[in-house]
Each structure stands twice: as structure tokens, then as C-alpha cells.
Amino acid sequence: MSVILVTGSYDHEIRFWEAWSGICSRTITRSGESGQVNRLAISPDKRLLAAAIHKKVNIYEVGSSSSTPLITFEGHTSNITAVSFHNEGKWLVTGSEDGTIKIWDPRSSHIQRNYDNEAPVNDVVVHPNQGELISCDQAGRIKQWDLSENTCTHELTPAGDIPMRSVSLASDSSCLVAGNNKGRCYVWKINEEGSSAPRFQAVTKFQAHNKYLTRVLFSPDIKYMATCSADTTVKIWSVSPSFEFRLDKVLQGHQRWVWDCAFSADSAYLVTASSDHTARLWEMASGETVRQYNGHHKAAVCCALHDGAG
């Protein structure tokens, strides 16, 4: 499968889609099992799908038709809000409303690390160097966790205690963006550890949406950033080399909240998931919907796309 496109929903189902035809090629039904699907991540080698389902993570085989997970990670005591793979698939990180961030071994399902964030975690991303994590939380904080020292090494609180909803790191680790519940985005230039400049240097902030913001995400080529919102839109921001953000397009078509998005590897397409039960594929150049994915019976709240090299 060259293009893997997956969505998760409050209807408890996970659906795989043929990106270009819009046909649902596989449905993971979870009969007799409760819990909504919160986040999805595809392993770098395209072999595994990690699905955060309420308090646990199920790992499914992408190439299989089975609805039975290969392995299940259990240990969080509340909703899991974030899930990401190490770039070689060596480990998986999760963040939860239980206030912890955990690192798991995908082969054994053992917890390798456990960080106490002391407030519900809303998002976690892996730094491109694979040695650090960046998280954001309900208390309005953004933290950097050093995996070698096993501690939180930096903390940012740009807007007091307004909850921080989502974080995204540029693929070259030059820049960090965080978005909060009030629709504001905060941008930091990331300097080398040990340089005279601060590790996180605030460069700008701007109002992306007037309603609740759900996701911020850099495109792989770092030329754009997408923001998703309760206002039913996705906004595309152009990013200059000096980290100036300018509104480039407003993607309109979803009828209700937009919860999640994912870029194609070449940054030419964006997938979005919405409370209107659908997912959409957008062409970045035109800002138009090129495909709609219909099949979920309730809100589609998460999506994952992997069309790069396996």
C-alpha cells in the first residue's frame, strides 16, 4: 500500500481509505469494546497503526484484514490525547489527560519511561533529533522533555493558564508553534542547546481563529502551517524563512468542527477530519476539496496519512 489513509471516529470505528477513489477499503470494528478513537499514528515503515482508544493504545497490522490488535498498551488511567512513533519505530510516546507522558516498547508493550506532567496532556510531539519530546497541557504550559536526562528541561507559559491545545515542530527543528483554546498561535525559533541565545526564542504570536483551535501542524517542507478549528474551517498559513506567518487560504467545506489534519509527504495535499462525520482531501495549490470520505456514523476526530517511503 503506497498511500495509507486512516480515520477514527466517535462511532468507535477505524476506517482505511483508498485516497484517490474515496472508497473505504477496510473497517476495524470493535464489537463489544467501548471507547472512542482519539488519535492515530502510522509507523514509519507503514507496517503498524497505533490507535489511541480511550485509556489504551491498540496496535494493528496495516497489511492485515484482522480487527484484532497485535498488541495493546495499557497503563494510562484517563483519555489518551496524543500518540507518536520514533522515526525508526523503536518506541511510541503517548500523552494523556491523566497527566502523564509514557514511552512504550512496541515489541513488548512495556512502559519504558513515565513522565509526570502534573496536568492533563493535550499533545506530544517527538523532536526530529529523537532525543526530546515537546508537550503541551491543560495548564497552559509547553515543556521539553530530555530523554537522556529523563527530565523536563524547558518550560514555556506564553498565555498564562489558558490551555494549550496543540504543538507542532518544523521538520528541520528550527521552529516550534503552539496553539491554545482561544485560537491564538505562539511561535518560537529553536536555537542550539549551549548557544548564547535561549533555547526557545519567541518570535511572533497571532490570532489564527476566533473560536476553539484544535490542531496546529507544519507541512513537511515547512512552507506552510495548517490550523484546525471549531469554526468549521482549516486555515493555511504561509511561513517565511524568518518565521512570518501570513494567511494564505481558508479551506471551507466542512459543516462542523474540524478536529485533526495530516499532510502528504510532498506537502501538496492535506487530509482533515470533522464532526460532520466526513474526512476530506484538499489540494494545497487550489485550496479545493478533491475527495470526500463518507462512511463514519459519528464525528470523525482523527486522521493519519503516510504516503512517503516506507
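Numbers for the structure displayed
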| item | result |
| --- | --- |
| Qualifying residue in the range 23-30 (condition: farther than 23 Å from residue 123 by Cα, open to solvent by 30 Å² or more (accessible area, probe 1.4 Å) and modelled with pLDDT under 95) | yes |
| The listed residue being over 15 Å from residue 18 (Cβ atoms), among the hydroxyl-bearing types (Ser, Thr, Tyr), buried (at least 19 other Cβ atoms within 10 Å of the Cβ) and free of Cβ contacts under 8 Å to residues at least 40 places away in the same chain, out of 278, 272, 289 | 278 |
| Condition met for residue 39 (among the basic types (Lys, Arg), under 21 Å from residue 94 (Cα atoms) and part of a strand (DSSP E or B)) | yes |
| Residue pairs meeting the criteria (Cβ under 9 Å; at least 6 apart or on separate chains; first more than 17 Å from residue 218 (Cα to Cα), in the range 116-143; second among the basic types (Lys, Arg)) | 117/141; 117/143; 119/141; 122/165; 130/90; 137/143 |
| Residue in the range 57-74 that is farthest from residue 91 (Cα to Cα), counting only those that are in contact with a strand residue (DSSP E or B) (Cβ under 7 Å, 6 or more places away or on another chain) and either surrounded by fewer than 18 Cβ atoms within 10 Å (Cβ to Cβ) or among the acidic types (Asp, Glu) (or both) | 65 |
| In the range 192-210, the residues that are at pLDDT 95 or above and not in a strand (DSSP E or B) | 208, 209, 210 |
| Sole residue being more than 19 Å from the chain's Cα centre (by Cα) and hydroxyl-bearing (Ser, Thr, Tyr), chosen from 43, 31 | 31 |
| Those strands (runs of 3 or more DSSP E) lying entirely in the range 50-143 with at least 2 residues under 20 Å from residue 4 (Cα atoms) | 56-61, 80-85 |
| Selection from the range 84-140 of residues that are basic (Lys, Arg) and over 15 Å from residue 50 (Cα atoms) | 113 |
| Residue in the range 234-243 that is assigned to a loop (DSSP other than H, G, I, E, B), of a type outside the set (Gly, Ala, Ser) and surrounded by 15 or more Cβ atoms within 10 Å (Cβ to Cβ) present | yes |
| Residue count, the range 220-233 (criterion: under 22 Å from residue 201 (Cβ atoms) and not in a strand (DSSP E or B)) | 2 |
| Residue among 256, 246 that alone is out of contact with any helix residue (DSSP H, G or I) (no Cβ under 6 Å at 6 or more places or on another chain), assigned to a loop (DSSP other than H, G, I, E, B) and open to solvent by 60 Å² or more (accessible area, probe 1.4 Å) | 256 |
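The values are calculated or read from the model by the stated rules, or taken from the named source; none is laboratory data. Treat the numbers as computed from the prediction; the structure is a model and nothing was measured. Backbone-built Cβ (ideal geometry, glycine too); neighbour counts: all protein chains shown. Heads up: the accessible areas ignore ligands, DNA and RNA and are worked out on the full protein's heavy atoms, side chains in. Shrake-Rupley method; radii C 1.70, N 1.55, O 1.52, S 1.80 Å.
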